[in-house]
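Student: Below you'll find the structure I mean.
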Amino acid sequence: MKRFLLLCLLFPVIVFAQQQTVTYTIAPTVFEENQSITITFNGSSINESTWGVTNNALYLWAWSFDANDANIQDCPTNGAWTSSSETNRLTYNSGNDTYTITFVPNTFYNRTGIGKIGFLIKAKDGSGDKKSQDITSEVGAFQMSLISPVENSNTIINSGSNVSIVASNTGGNATYSVTANGVPITCSTAPTSFFTCGDTNVTTTKVYVVSATLGTTTVTKRFTVIVNPGIINAPMEAGLVDGINYDPTDATIATLVLNAPFKDFIYVAGSFNNWSPTAAYAMKKDPTTGKFWLELTGLTSGQMYAYQYWVCDNTSRPANSPAIVKTADPFSTLVLSPFDDPQIISLGVYPGLPVYNTIAPGQEREVTVLQTGPTAYYNYNWSAATTNFVKPKKKDLVIYEALVRDFDSNRSYQDLINKIDYFKNLKVNAIQLMPVMEFEGNESWGYNTVFHMALDKRYGPPSKLKEFIDLCHQNGIAVILDVALNHVFGRSPLERMWMLDTDNDGWANGTGYKTSAENPYINQDAMHSYSVGSDLNHFREPDNLTNAYSVATIKHWIQEYKIDGFRWDLTKGFTQQCPPNVSGGQDACTNGYRSDRVAKLKWYADKQWEIDPNFLVIFEHLGNGGSYTEEVEWANYLRSGDTKGIMQWRKMTDPYADLLKGNFADISGIADATDRFIGYAESHDEERVAYKALNEAGQTQGNLTKVHQRLQAMGAVHLLVPGPKMIWHFGELGWSSSLWTCNNGVVSYSNPDCKLDTKPQPQWTGNWLTDTNRSAIYNSWAKMIDIKKTENVFENGAYAWNIGNTGHPRLDVWTSTTQTAALSYVFVLTNFTDNTYNVVGGFPFTGTWANLMDNTTFNVSNVNMNISIEPGGYRVFGNRSLLNNDAFDALDFVALSPNPASTYFTINTLVEKVQIYSITGQLVKAFSSTSINDSFSIEDLTKGVYIVKISDANNREKTLRLIKE
């Protein structure tokens, strides 16, 4: 199947993968499906190094069509896109620098009746577009070609016009037939190799199918003739919105609305009219708004339908702008893709997903799904935990940023559901998911968005994301979505409806302007220096369709998915003030204070707060100079208690890496006086601090144990600083591999850039929670997060740094400088050196103090008493012990691994007794006298969900959920 560019935002550097055009031959040039063929690729046309290929390891990725150019199937020996099967490895011939593969098509593709084969060559891991162009070849000596109109063409005619059909074939005289919208039309049936036929007085749009039969073989081609219906003026019902409008009382009715300025007329083609729209499916035009609309009737409740818009333009059409564009609905909430869906179906991550070739036979590109009634795919019964959920206060936020693709091996929402105890035990109160909106391909970070209101199907159906959100709310965890509303990519209807297509391949130009100047959504030139995809124009007045689209997106995710916040990606791009030729340079302009950007993003913040006054609004921004002034202005915008005020990211990767290495580090920027800056040492865009500490010059170079020890101390001067904080997934387990690790394990920052490569899952396969050093990071961070969330001193206290002593930063947080009954003074001492650190304690007053990490107390009679801290160690002292002594019981941080499990699981702490119950409460298995990291066999249990009750020596108990695979 086709694989498209997997373009993602690499902020601030944008990198685009380039597919290679290779030269090839097929011998013999004409072949049957049961005949051996050899495909030869010219090695000189391939630059293996750009794909990171070594040892000439190139692979064929192949697919096939039936005789009707439909029923596309992947070759069964392809393997995975990220790991091609060795069966499909090409043979390298060093003598003539060629790559070859020989096979019999019906054996290789495991099917008969093949009309065409398709293939490309790729690296073993093709992610990042490490592949050639798509190549197709007809199969069989008998081949038929449409001469006029050409195959898959779309032609606009006036009502009453005639249609002339010309075709030819090879292999002898064939018998031809033609249908229009499934109805035969009269043509000569005399066998011929050159066929002509006419259809006169055509008054309705028709899909023509031309078939040629020679012997037992039939080849089919199709084209479409679209009758211009003229403008059908009719007022639209009040209250209808763009996209699908489901009737609230009648499940047989749905109304489609599309705003398409400068277009003459539009048809709706779908499974409800066999993809052959008659005049009844020409959309009406509302004379007031100019929007096109059409009411669909006779629908069956619960049945899935698919449709496309056929957007037509005959009047004053810009040069190189197609007269007809077939596209899905830009306001789709579920789309089907002929490119992506076959893999999704094969993975089984989306049960019940309609098969594209079944619901949309003979169509091209994405189609929109429509389903009425109570069983519709988007329906979900939310628990009271969600409907009554109270979001964490902004200042208390500890956000866990995660990429679904790389969180666990199945790369699905179900993985997140299965690991809810992992998040819960870490004590985070928010999870931020990198973009989950429909993106191009199945292998992506998600920033190459094409349908902002549709959930990408690779990770699972809407019900599974909703289940995860609901489960998070049940455990006091907010869910934030990363959203890229600054740009779209080539499959998006916002680009396609006004695209320029100079080579007539059905896609916007690869070079030069991608859309015409008429496009009401997209700038022809990016108006900022961080251009990625097609730049959306949020300032085009008076109608401003981009604003309407963005607000609809905001409403959809808040109301339909009950999310708690947005992290707005690439917020520096929300300006029209920095064209490429701007005085002073585009980059300097982009990073300056932009008044239009400030106002527009405040406006979007208001739109979110209108729907949910407590919505968490986060901008990426990362400002400096003038753009930092913007951040402060946003942070203080409409600040009222904790209900409003915009948050921004605050990157501190290099200072924290320096701290780990034992170098001087000014980490005071991790927080800001506005309390609206989300400080982090790691994010998806930054190198792992553990990797930097392990591989760069410093005291920790080459010593992973030392790095892991110091990561605990780093958490104390990161997580305990007042204000919102963020961690990037598995930093809490001391992940020390580079973010730029390639799939073959090599670290590469360019040629290839492996930042976007899928990552392995050693945290689960290696059972990191049972690793003493790694679990110590997890457990200590969990304690710190819990203290930060629950103690008032971190919510309302002042704080101060002492960072002058290299390797020993000190943090003080207080609400009182005298003894109180409450925890009102906390300070952190650290030792990021290789020597024992003997330091004057600097207690603000005498009396009873506590080590908050183990809750032990001690008396301070001398405020300058000496404190001795081991190399890499730290202390967190408070003016009283924590009232909730159970907060740090070992059982609070217990975890099962693996989970789900098939044969056994382990527990990461010492326990006395383990009991396994069925979901109905029946005891099915028990273990006693266990030791740490014992294996508990569950091979004899049937698949399903179980409850595991764990007891320690003090008869304290904890229950966890176990999934038996």
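The values are calculated or read from the model by the stated rules, or taken from the named source; none is laboratory data. For clarity, every value in this text was computed on a predicted model and none was experimentally measured. Neighbour counts are summed over all protein chains in view; Cβ atoms, including those assigned to glycine, are modelled from backbone coordinates with ideal geometry.
Student: So which helices (runs of 4 or more DSSP H) stay within the range 727-811 end to end and still have 3 or more residues that are within 30 Å of Leu852 (Cα to Cα), at pLDDT 95 or above and not hydrophobic (A, V, I, L, M, F, W, C)? Working first, answer last.
Tutor: Details: elements: 762-765, 772-790, 792-796.
Passing ranges, in order: 772-790.
Student: Only one of Ser640, Ser583, Ser595, Ser627 is surrounded by fewer than 23 Cβ atoms within 10 Å (Cβ to Cβ), within 30 Å of Ala665 (Cβ to Cβ) and out of contact with any Ser or Thr (no Cβ under 6 Å at 6 or more places or on another chain); which?
Tutor: Working: Ser640 fails: within 30 Å of Ala665 (Cβ to Cβ); Ser583 fails: within 30 Å of Ala665 (Cβ to Cβ); Ser595 fails: within 30 Å of Ala665 (Cβ to Cβ).
After ruling out the rest, the residue left standing is Ser627.
Student: Is it the case that Trp849 is closer than 25 Å to Asp642 by Cβ and at pLDDT 95 or above? So that I can check it myself, show each step before the final result.
Tutor: Details: closer than 25 Å to Asp642 by Cβ: no; at pLDDT 95 or above: yes.
It is false that Trp849 is closer than 25 Å to Asp642 by Cβ and at pLDDT 95 or above.
Student: Moving on. Could you list all residues from the range 902-913 that are buried (at least 21 other Cβ atoms within 10 Å of the Cβ) and modelled with pLDDT of 80 or more?
Tutor: So the first thing to find is which residues in the range 902-913 are buried (at least 21 other Cβ atoms within 10 Å of the Cβ), and the list is 905, 907-908, 911.
Scanning the range 902-913 gives Phe905, Ile907.
Student: To continue, here is another question. Condition first: free of Cβ contacts under 8 Å to residues at least 60 places away in the same chain and surrounded by fewer than 21 Cβ atoms within 10 Å (Cβ to Cβ). Can you find one or more residues in the range 358-367 that meet it?
Tutor: Filtering the range 358-367 down to residues free of Cβ contacts under 8 Å to residues at least 60 places away in the same chain leaves 358.
Going one step further and asking which of them are surrounded by fewer than 21 Cβ atoms within 10 Å (Cβ to Cβ), we end up with 358.
So far as the range 358-367 goes, yes, one or more of its residues are free of Cβ contacts under 8 Å to residues at least 60 places away in the same chain and surrounded by fewer than 21 Cβ atoms within 10 Å (Cβ to Cβ).
Student: Also, I was wondering about something else. Any residue at all in the range 540-558 that is within 22 Å of Arg365 (Cα to Cα) and in contact with a Ser or Thr (Cβ under 6 Å, 6 or more places away or on another chain)?
Tutor: Among the residues of the range 540-558, not one is within 22 Å of Arg365 (Cα to Cα) and in contact with a Ser or Thr (Cβ under 6 Å, 6 or more places away or on another chain), which makes the answer no.
Student: With the condition kept exactly as written, say whether any residue in the range 895-906 is under 23 Å from Asn779 (Cα atoms), part of a strand (DSSP E or B) and aromatic (Phe, Trp, Tyr).
Tutor: Yes, that holds for at least one residue.
Student: Any residue at all in the range 559-568 that is of a type outside the set (Phe, Trp, Tyr) and over 30 Å from Asn429 (Cα atoms)?
Tutor: Filtering the range 559-568 down to residues of a type outside the set (Phe, Trp, Tyr) leaves 559-560, 562-565, 567.
From the residues that got through so far, the ones that are over 30 Å from Asn429 (Cα atoms) too are none.
Checked the range 559-568: no residue is of a type outside the set (Phe, Trp, Tyr) and over 30 Å from Asn429 (Cα atoms).
Student: Restricted to the range 776-799, and to residues that are under 24 Å from Ile727 (Cβ atoms) and of a type in the set (A, V, I, L, M), which residue is farthest from the chain's Cα centre (by Cα)?
Tutor: Within the range 776-799, the subset under 24 Å from Ile727 (Cβ atoms) is 776-797, 799.
Subsequent filtering for residues that are of a type in the set (A, V, I, L, M) retains 776-777, 782, 784-785, 787, 793.
On the way: Ala776: 31, Ile777: 28, Ala782: 27, Met784: 30, Ile785: 27, Ile787: 32, Val793: 37 Å.
Within the range 776-799, the match that is farthest from the chain's Cα centre (by Cα) is Val793.
Student: Also: Would you please name the residue that is farthest from Met497 (Cα to Cα), looking only at residues in the range 353-373 that are modelled with pLDDT of 95 or more and small (Gly, Ala, Ser)?
Tutor: Taking the candidates together, the pick is Gly373.
Student: Let me ask another. Consider the range 569-601. How many of its residues are under 11 Å from Ser529 (Cα atoms) and in contact with a strand residue (DSSP E or B) (Cβ under 6 Å, 6 or more places away or on another chain)?
Tutor: Final tally of qualifying residues: 0.
Student: Could you grab me the full set of residues in the range 824-869 that are under 20 Å from Met784 (Cβ atoms), touching a helix residue (DSSP H, G or I) at 6+ places or on another chain (Cβ under 9 Å) and surrounded by fewer than 17 Cβ atoms within 10 Å (Cβ to Cβ)?
Tutor: The answer is Asp854, and nothing else.
Student: Hey, among the residues in the range 522-560 that are over 17 Å from Glu610 (Cα atoms) and aromatic (Phe, Trp, Tyr), which one's modelled with the lowest pLDDT?
Tutor: Going through the range 522-560, the residues over 17 Å from Glu610 (Cα atoms) turn out to be 522-546.
If we keep only those that are aromatic (Phe, Trp, Tyr) too, we end up with 530, 539.
Numbers: Tyr530: 94, Phe539: 97.
Only one residue tops the list, namely Tyr530.
Student: Give the number of residues within the range 335-352 that are touching a Phe, Trp or Tyr at 6+ places or on another chain (Cβ under 6 Å) and either at pLDDT 95 or above or farther than 20 Å from Ala376 by Cβ (or both).
Tutor: Of the residues in the range 335-352, the ones touching a Phe, Trp or Tyr at 6+ places or on another chain (Cβ under 6 Å) are 335-336, 338, 341, 344.
In the following step, the residues that additionally are either at pLDDT 95 or above or farther than 20 Å from Ala376 by Cβ (or both) were identified as 335-336, 338.
Total satisfying the criteria: 3.
Student: Pairs please, first residue from the range 268-291 and in a strand (DSSP E or B), second anywhere and among the basic types (Lys, Arg), Cβ atoms under 9 Å, 6+ apart in sequence or on different chains.
Tutor: If the second residue must be among the basic types (Lys, Arg), the pairs left are Ala269/Lys326; Lys285/Lys291.
This table checks each residue for (1) more than 42 Å from the chain's Cα centre (by Cα); (2) hydroxyl-bearing (Ser, Thr, Tyr).
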position: Thr806; (1), (2): no, yes
position: Val828; (1), (2): no, no
position: Val840; (1), (2): yes, no
position: Thr848; (1), (2): yes, yes
position: Leu852; (1), (2): no, no
position: Asn855; (1), (2): no, no
position: Asn859; (1), (2): yes, no
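Student: With the requirement that a residue be under 21 Å from the mean Cα position of the chain (by Cα), farther than 30 Å from Ala328 by Cα and of a type in the set (D, E, K, R), what does the range 355-414 give you? Let's see the steps before the verdict.
Tutor: First, the residues of the range 355-414 that are under 21 Å from the mean Cα position of the chain (by Cα): 365-369, 377-378, 399-414.
The next check asks that each one be farther than 30 Å from Ala328 by Cα; those that pass are 399-401, 407-409.
Scanning the range 355-414 gives Glu401, Asp408.
Student: Right, here's the next one. Wholly within the range 163-260, which strands (runs of 3 or more DSSP E) include no fewer than the required count, namely at least 2 residues that are more than 40 Å from the chain's Cα centre (by Cα)?
Tutor: On the way: elements: 175-180, 194-202, 206-214, 217-228, 243-246, 254-258.
Per the criteria, 175-180, 194-202, 206-214, 217-228.
Student: A further question on this structure: Search the range 697-714 for residues being outside any helix (DSSP H, G or I) and in contact with a Lys or Arg (Cβ under 8 Å, 6 or more places away or on another chain), and hand back the single one that is surrounded by the fewest Cβ atoms within 10 Å (Cβ to Cβ).
Tutor: Step one: of the range 697-714, the residues outside any helix (DSSP H, G or I) are 697-703.
From what is left, the residues that are in contact with a Lys or Arg (Cβ under 8 Å, 6 or more places away or on another chain) are 697-701.
Values: Ala697: 8, Gly698: 20, Gln699: 19, Thr700: 27, Gln701: 15.
That would be Ala697.
Student: Condition check: outside any strand (DSSP E or B), within 37 Å of the chain's Cα centre (by Cα) and among the β-branched types (Val, Ile, Thr). Does Thr100 satisfy that?
Tutor: Numbers: outside any strand (DSSP E or B): no; within 37 Å of the chain's Cα centre (by Cα): yes; among the β-branched types (Val, Ile, Thr): yes.
In short, no.
Student: Show the residue pairs that are 6+ apart or on different chains and have beta-carbon atoms under 7 Å apart, the first residue being within the range 535-556 and over 16 Å from Val488 (Cα atoms) and in the same structural domain as Trp603 (by TED's automatic domain parsing), the second being among the hydrophobic types (A, V, I, L, M, F, W, C) and buried (at least 20 other Cβ atoms within 10 Å of the Cβ).
Tutor: Qualifying pairs under 7 Å: His556/Met453.
Student: If I ask for residues that are of a type in the set (Gly, Ala, Ser) and not in a loop (DSSP other than H, G, I, E, B), which ones from the range 910-928 would you list?
Tutor: Filtering the range 910-928 down to residues of a type in the set (Gly, Ala, Ser) leaves 918, 921, 926, 928.
Of everything in the range 910-928, those that are of a type in the set (Gly, Ala, Ser) and not in a loop (DSSP other than H, G, I, E, B) turn out to be Ser918, Ala926, Ser928.
Student: Another one. Restricting the search to the range 193-204, which residues are among the polar types (S, T, N, Q) and surrounded by 17 or more Cβ atoms within 10 Å (Cβ to Cβ)? Quick ask: steps written out before the conclusion?
Tutor: First pass over the range 193-204, keeping only residues among the polar types (S, T, N, Q): 193, 196, 200-201, 203-204.
Passing the criteria: only Thr204.
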